[in-house]
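Data block below; observations after.
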Amino acid sequence: MSDYPLPVSHVIDQSTPASERSTLLEKLHEWVVTVDHKRLGILYILYSTFFLLVAGAEALMIRVQLAYPHNHVLSAQVYNRFFTMHGTTMVFLVGMPFLFGFANYIVPLQIGARDMAFPRVNAFSFWLTAFGGFLLYYSFLGGAGLYGVGNAPDVGWFAYAPLTLRAFSPGHATDYWALALIVSGFGTLGTAINIIATVISMRCKGMTLMRMPLFTWLLLIVSMLTLVTITPLTAAQFMLLIDRYLGGHFFDTQAGGSSLIWIHFFWIFGHPEVYVLVLPAFAIANEIIPVFCRKAIFGYPAMVAASVCIMFVSLSVWAHHMFTVGMTSVSNAFFTLSTMLVGVPTGIKIFNWIATLWGGRIRFTTAMLFCIGFLFQFLIAGLTGIMLSVSPWDWQLHNSYFVIAHFHYVLVGAVVFCIFAGIYYWYPKATGRLMNETLGKWHFWLFTIGFHITFDTMHFLGLLGMPRSIYTYQPDRGWNFLNLVVSVGGLIQGIAVLIFAYNVIASYWRGEVAGDDPWDAWTLEWTTSSPPPVYNFEEEPEVHSRRPLWDLKHPDDPDWEYES
Amino acid sequence: MSSIPVSHPERTVEWHLPNKRRVGMTALIVGESAIFTIFVVAYVFYMGKSLSGPTPAQVLEVPILATICLLSSSITIWRAEKAIEDDRIGSFTVWLGATIALAAVFLMGTAFEWKKLIYQDGLTISTNLFGTTFYSLVGLHATHVVVGMFLLTSTFVLSLFGWVDSRQSERFGVVALYWHFVDAVWIVVFTVVYLIGR
């Protein structure tokens, strides 16, 4: 596919003689003790793919239960556990590890470094995150404790007080929830610190901040946001555990405590968290769209400025989740306006992507298709977001399926789409083989169709008044047909994800050999071999523009002549 | 395995980047500040909302000696930093020892304060909102002092064995940065708990 074959000479024989091949056990050991950022990145991605399948299965069970009224596939109790675990898993064990997996793999390669700033902290963070995930799922076995009540957490992913206090949630389920998130939160914090130190202190010669690839820029911003986002949750979880174990009164209304303050603390984490998830999705789109349009990204400085702006504004919008708790009119107005304000930098980004597409020679690979799907869906997600930011509108639709549809449009329509795009784009770099494009197109179309059948319909269910978190409904509410449609769409998405999983596995052995630069791209990760050697680069690269590989391929027309 | 050498010898540049350990510690401090902010907000939010006694005005005494000790430990650790940069290891060990001693006095102060509160005044973490927020916030800070003590003491032991010299000054600078943060947080905690909240 590359227009310009690169002068790569494979001087060292890569094949290992049969006598030196390691056994399975030795290989496993190597992966467990590894501190290599690329292996850790792959571990992150495998880990989150596993939980994507688990939480996806939970979502499908939820949809089976809701497919028609008075269904009894799940009991009310199990239903509560499933939507709690689905939400918690998707945010903490799928979204963040996926994005940190990408960051781990790509960031050092893009800035021309040989590893992260603190490789051992990196490994430690991954294993903390992994341990947190398995701790959460162990609650299915251990959550009942000695009380014989419930097992997995069933308090919703936002776990509002006072429902989480001992009196209303006996047993250990809620403790598993809190502890697992504290543990994985420390892992996340470690990775965020690591990415910041890597990007600031490990860049190769000549890579000034304004020459960094946008992926790296956005991951730097996300990591900074993570520092002040995940830590309030950790603090609030500690308070919850103090209440549950030491008899504290933070959220105990009978002793003068306030359940409202938990809601504040949770959303001080919870809303910036959305940007922690979606900014890396933007980051992936920022890499893929220019490469497959054969144009440099439009408005690079505006993209950076908009991302920094989103980081700051996103810290002041949390209470738009709380319009219905009864805040003052001033607070309602403030949070309505600040939420609308986020639309401005986000809009700048959308226009920049469209301007990048404009006049480009677009190549519709699977990665690019997912990015285009992302553009459409993120636009709609943003528009419903602005609708919900208007507090009187929110009063009508709060905790209805309209809200569910809105945030799934962001988290699936934008984040998951970009994650898929990123996997199709960087898979050849990580494995040396391309993913099958035919299966990829099947995956894309099935997933997109399923997505729209499910989540477009959910908006209407919300407008018809269906609330979230109900395990069944009366047949005379007029929701029967739409619910069935939503469930069918979920099934189609499930099939698409299975095709994707098969494609990932099968392409590892049978995929077309990719070469070092299959997409004719411009950033540094494509200058090294696929998969890259442990040391990434034989000699430290030196860059003079935002597209070092373009400069190398076009010595007659280098970028540095146009960039200030 | 190989990669394409990406360099343009005719366009070489001066290249200097910040120290990665310092950047990492700064990032950690930003994250820790957010944790402290949440606990401080909770403390301020619940000020005077306890439904039963004892109240802060009844039982809290301003820990002047402990505060002076902790704040002056920032000066001694700064002296230690200067000493290790100039490779004056003897002086470094003395200043470091002084820092540890001052921090120990601070922790002793907290220990006696808590002993008095628990045994004489009957205030525990579950007594009322004041107890819950007080022990959480002051305890969180004390935990950070203990972690800092561990870092300082291990450096101190290493320097007694003669294993520390100016090559480690950069790493020690990171420990010192953390210690300054612990001191700065105390100024906030002190102001909120002992000056405003009493």
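Can we say A:Val534 is of a type in the set (A, V, I, L, M), surrounded by fewer than 15 Cβ atoms within 10 Å (Cβ to Cβ), farther than 25 Å from A:Ala296 by Cα and within 11 Å of another protein chain (Cβ to nearest Cβ)?
yes
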Could we say that A:Gly190 is within 14 Å of chain B (Cβ to nearest Cβ), touching a Cys at 6+ places or on another chain (Cβ under 6 Å) and closer than 23 Å to A:Gly422 by Cβ here?
no
Among (1) at pLDDT below 95; (2) part of a helix (DSSP H, G or I); (3) more than 14 Å from chain B (Cβ to nearest Cβ), there is one condition A:Phe292 misses while meeting the rest; what is its number?
(1)
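Yes/no per residue for (1) at pLDDT below 95; (2) touching a Cys at 6+ places or on another chain (Cβ under 9 Å); (3) within 13 Å of B:Val145 (Cβ to Cβ); (4) not aromatic (Phe, Trp, Tyr):
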| residue | (1), (2), (3), (4) |
| --- | --- |
| B:Asp87 | yes, no, no, yes |
| B:Gly90 | yes, no, no, yes |
| B:Leu96 | no, no, no, yes |
| B:Ala103 | no, yes, yes, yes |
| B:Glu113 | no, no, no, yes |
Report the residue count in segment A:505-524 for those that are buried (at least 21 other Cβ atoms within 10 Å of the Cβ) and within 23 Å of the chain's Cα centre (by Cα).
1
Out of A:Ile380, A:Ile354, report the one residue that is at negative phi, in contact with an Asp or Glu (Cβ under 9 Å, 6 or more places away or on another chain) and without any contact (Cβ under 8 Å) to a residue 40 or more places away in the chain.
A:Ile380
Report yes if some residue within segment B:133-146 is within 14 Å of chain A (Cβ to nearest Cβ), at pLDDT below 95, out of contact with any Ser or Thr (no Cβ under 6 Å at 6 or more places or on another chain) and over 30 Å from B:Ser91 (Cβ atoms); otherwise report no.
no
Which numbered condition in (1) under 20 Å from B:Gly97 (Cα atoms); (2) part of a helix (DSSP H, G or I) is the only one that B:Val189 fails?
(1)
Report yes if B:Leu177 is closer than 28 Å to B:Val40 by Cα, under 19 Å from the mean Cα position of the chain (by Cα) and either part of a helix (DSSP H, G or I) or more than 14 Å from chain A (Cβ to nearest Cβ) (or both), otherwise no.
yes
Restricting attention to segment B:33-54, report how many residues are out of contact with any Leu (no Cβ under 6 Å at 6 or more places or on another chain) and at the interface with another protein chain (Cβ under 7 Å from one of its Cβ atoms).
6
Among A:Tyr502, A:Tyr508, which is touching a strand residue (DSSP E or B) at 6+ places or on another chain (Cβ under 7 Å) and away from chain B (no Cβ under 14 Å)?
A:Tyr508
From the option list A:Phe102, A:Phe82, single residue qualifying as at pLDDT below 95 and more than 14 Å from chain B (Cβ to nearest Cβ) is A:Phe82
For A:Ile221, the lone unmet condition from (1) at pLDDT 95 or above; (2) farther than 30 Å from A:Ala521 by Cα is (2)
Quickly run through segment A:473-504 and pick out the residues that are under 25 Å from the mean Cα position of the chain (by Cα), of a type in the set (Phe, Trp, Tyr) and surrounded by fewer than 21 Cβ atoms within 10 Å (Cβ to Cβ).
A:Tyr502
Restricting the search to segment A:291-306, which residues are within 10 Å of A:Ile348 (Cα to Cα) and more than 24 Å from the chain's Cα centre (by Cα)?
A:Gly299
Quick one: is A:Phe282 out of contact with any Leu (no Cβ under 8 Å at 6 or more places or on another chain), over 25 Å from A:Ser400 (Cα atoms), assigned to a helix (DSSP H, G or I) and at pLDDT 95 or above?
no
If you check B:Ala104, B:Ala111, which single one turns out to be under 22 Å from the mean Cα position of the chain (by Cα) and surrounded by 15 or more Cβ atoms within 10 Å (Cβ to Cβ)?
B:Ala104
Within segment A:225-252, track down each residue that is surrounded by fewer than 24 Cβ atoms within 10 Å (Cβ to Cβ) and closer than 17 Å to A:Phe118 by Cβ.
A:Leu227
With the checklist (1) part of a helix (DSSP H, G or I); (2) away from every other protein chain (no Cβ under 14 Å); (3) under 30 Å from B:Trp163 (Cα atoms) in hand, flag the one item B:Thr67 doesn't pass.
(3)
Of all residues in segment A:204-229 being within 11 Å of chain B (Cβ to nearest Cβ) and among the β-branched types (Val, Ile, Thr), the one that is farthest from B:Glu14 (Cα to Cα)
A:Thr229
Subset of segment B:12-64, residues without any contact (Cβ under 8 Å) to a residue 12 or more places away in the chain, part of a helix (DSSP H, G or I) and exposed (fewer than 12 other Cβ atoms within 10 Å of the Cβ), comes to B:Ile64
Residues satisfying the stated conditions in segment A:517-564, i.e. in contact with a Pro (Cβ under 8 Å, 6 or more places away or on another chain) and at positive phi
A:Asn536
Might you let me know whether segment A:424-432 holds any residue that is of a type outside the set (Ser, Thr, Tyr) and in contact with a strand residue (DSSP E or B) (Cβ under 8 Å, 6 or more places away or on another chain)?
yes
All positions within segment A:541-558 that are facing another protein chain (nearest Cβ under 8 Å) and free of Cβ contacts under 8 Å to residues at least 12 places away in the same chain
A:Asp551
Please tell me if A:Gly257 is at the interface with another protein chain (Cβ under 10 Å from one of its Cβ atoms) and either part of a loop (DSSP other than H, G, I, E, B) or closer than 27 Å to A:Ile354 by Cα (or both).
yes
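A quick yes/no check of all residues on (1) at pLDDT 90 or above; (2) within 14 Å of chain B (Cβ to nearest Cβ); (3) within 26 Å of A:Ile297 (Cα to Cα); (4) assigned to a helix (DSSP H, G or I):
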{"residue": "A:Phe481", "(1), (2), (3), (4)": "yes, no, no, yes"}
{"residue": "A:Val486", "(1), (2), (3), (4)": "yes, no, no, yes"}
{"residue": "A:Asp516", "(1), (2), (3), (4)": "yes, yes, yes, no"}
{"residue": "A:Trp526", "(1), (2), (3), (4)": "yes, yes, yes, yes"}
{"residue": "A:Glu539", "(1), (2), (3), (4)": "no, yes, no, no"}
{"residue": "A:Trp560", "(1), (2), (3), (4)": "no, yes, yes, yes"}
Take the residues of segment B:55-64 that are within 29 Å of A:Leu240 (Cβ to Cβ) and among the β-branched types (Val, Ile, Thr): which is nearest to the other protein chains (Cβ to nearest Cβ)?
B:Thr55
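The values are calculated or read from the model by the stated rules, or taken from the named source; none is laboratory data. Just so it is clear, the model here is predicted, and its values are computed rather than measured. Note: ideal-geometry Cβ built from the backbone for every residue, glycine included; neighbour counts use all protein chains shown.
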